[in-house]
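Have a look at the structure below before the remarks.
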Amino acid sequence: MSKNLLFIPGPVTVAETVLGATARPLIDHRGPEFKALLESIERRLKPIFGTERAQILILGSSGTGGLEAAVGNLFGPGDRVLACPNGVFGDRLVAIARTFGCEVEVLDTPWGGAVDAAALRARLAAATGDARFDGVLLTHNETSTGAQNDLATLAEAVRGHGAYVVVDSVSGLAASEFRMDEWDFDVVVSASQKALAAPPGLTMVAVAPRAWQRIEANLTAQRFYFDLRKAREFAVLGQTPWTPPVSIVFGLDAALDEFERTGAAAVHERHARYARAIRAAGQALGLEAYSHDGAHSPTVVALRLPAGVDGDAIRRSLREGRGVVIGGGQKDLKGKIIRIGTMGDLTQTDVLGALGALEIALLEAGAPIHAGTGVQAALNVFLEAEQPAAV
Ligand SMILES: *Cc1c(COP(=O)(O)O)cnc(C)c1O
């Protein structure tokens, strides 16, 4: 079997303990063992979401299904929703809300940037009376551009308007501190295959008490498979309404063991450190970060390519020649950027190896780089992080 290092921003490299857990014999998904498993997972996810009061539902689906569940249960035809996209995944939330018949207004943010909290606050303040918004849609970490929003400031901007706030934290959760209760978010969505470092197949939808009232009262909502009322009914029994991907539930449980063994603070620090190292390497090689200063993501680094160098060709050379798999640009950014993820079971050595391979691929593509400077810059970040604290 050839060895591939997965540096795409999901699905990610999964630890062997996690892969091993997914190979366990299957169990009855309506039996006591599964009930205990589901309850343990919910209990252990709560601090990762930063919530005590929300209920965390585990659904068999990729992250997009979780987003559809959030929007489709809270909103319906004619509801006024303010979406705040800053990339492809934010646009997906817009599309979902439109599909459910919402009247969607878009607060535009240039790609690579973070949503401007003052602009959001001003738009909400201007929406009074019948123009008030029923919902606000936010993306925590925009995986397509490598930009991360500052949720604490956006939470402040939204506070008081009364809109239900849906947050896509599929590629953000577990890589940095998340405070759902403190930020007063109504529904937060994540998925198994990003920073939680399990295989794809599960989405987690955290629902605050206030949101339940709306979900119950939303009688025109179109929902069946993703009916959160049903999910809640079965969660009480320690079950899911429909057959879940049981093997992936085993995997998520083992991934949470890994998370707890390392500790949240160390996991957060690791993602930030890898992202800093990759950005430093990019800068040394003349590949500027696509994300703007102050908005850099800890889970994915998007780098612009030198003029005349095709990102898709670089990716092909890395994948086919060197066993390193990285992401490319999506939609308008196709071929123009590369995206390197920091999530999953990756070591510093893996990061240095991938950056070395990237240098070779760039050299072969005729990019004007100085070999070794990228790896050196990343190494400096790692060496600095290992310095013992000054006494
Ligand atoms: C990966 C991702 C999703 C979900 O994608 P799926 O392929 O449906 O799991 C949603 N939002 C963001 C920001 C993502 O990174």
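Side notes on the structure shown:
- Meets criteria (within 16 Å of the ligand (Cβ to nearest atom) and either touching a Cys at 6+ places or on another chain (Cβ under 6 Å) or of a type outside the set (Phe, Trp, Tyr) (or both)) for residue 59: yes
- Filter pass, residue 112 being under 22 Å from the mean Cα position of the chain (by Cα) and on the phi > 0 side of the Ramachandran plot: yes
- From 72, 101, residue being over 19 Å from residue 143 (Cα atoms), touching a Lys or Arg at 6+ places or on another chain (Cβ under 6 Å) and away from the ligand (no atom under 13 Å from the Cβ): 72
- Identity of the residue in the range 297-308, modelled with pLDDT of 95 or more and out of contact with any Gly (no Cβ under 7 Å at 6 or more places or on another chain), that ends up surrounded by the most Cβ atoms within 10 Å (Cβ to Cβ): 298
- Residues considered: 373, 347. Of these, the only one that is surrounded by fewer than 21 Cβ atoms within 10 Å (Cβ to Cβ), farther than 21 Å from residue 308 by Cα and either of a type in the set (Val, Ile, Thr) or in contact with a helix residue (DSSP H, G or I) (Cβ under 7 Å, 6 or more places away or on another chain) (or both) is 347.
- Restricting the range 123-148 to residues that are more than 11 Å from the ligand (Cβ to nearest atom) and part of a strand (DSSP E or B), the residue that is surrounded by the most Cβ atoms within 10 Å (Cβ to Cβ): 137
- Odd one out for residue 197, checked against (1) touching a strand residue (DSSP E or B) at 6+ places or on another chain (Cβ under 6 Å); (2) on the phi < 0 side of the Ramachandran plot: (2)
- Residues of the range 149-164 that are within 16 Å of the ligand (Cβ to nearest atom) and in contact with a Phe, Trp or Tyr (Cβ under 9 Å, 6 or more places away or on another chain): 151, 154.
- Which listed residue is in the same structural domain as residue 89 (by TED's automatic domain parsing), within 16 Å of the ligand (Cβ to nearest atom) and surrounded by fewer than 21 Cβ atoms within 10 Å (Cβ to Cβ), from 200, 209: 200
- Evaluating residue 25 against the criteria (1) part of a loop (DSSP other than H, G, I, E, B); (2) in contact with a Gly (Cβ under 7 Å, 6 or more places away or on another chain) leaves one unmet condition, (2).
- In the condition set (1) in contact (Cβ under 8 Å) with a residue 40 or more places away in the chain; (2) closer than 30 Å to residue 108 by Cβ; (3) buried (at least 19 other Cβ atoms within 10 Å of the Cβ), residue 18 is compliant with all but (2).
- Count - residues of the range 123-175 that are on the phi > 0 side of the Ramachandran plot and in contact with a strand residue (DSSP E or B) (Cβ under 8 Å, 6 or more places away or on another chain): 2
The values are calculated or read from the model by the stated rules, or taken from the named source; none is laboratory data. Predicted model, so just to flag it, every value in this text is computed and none were measured. Heads up, the Cβs are rebuilt from the backbone with ideal geometry, glycines too, and the neighbour counts pull from every protein chain shown.
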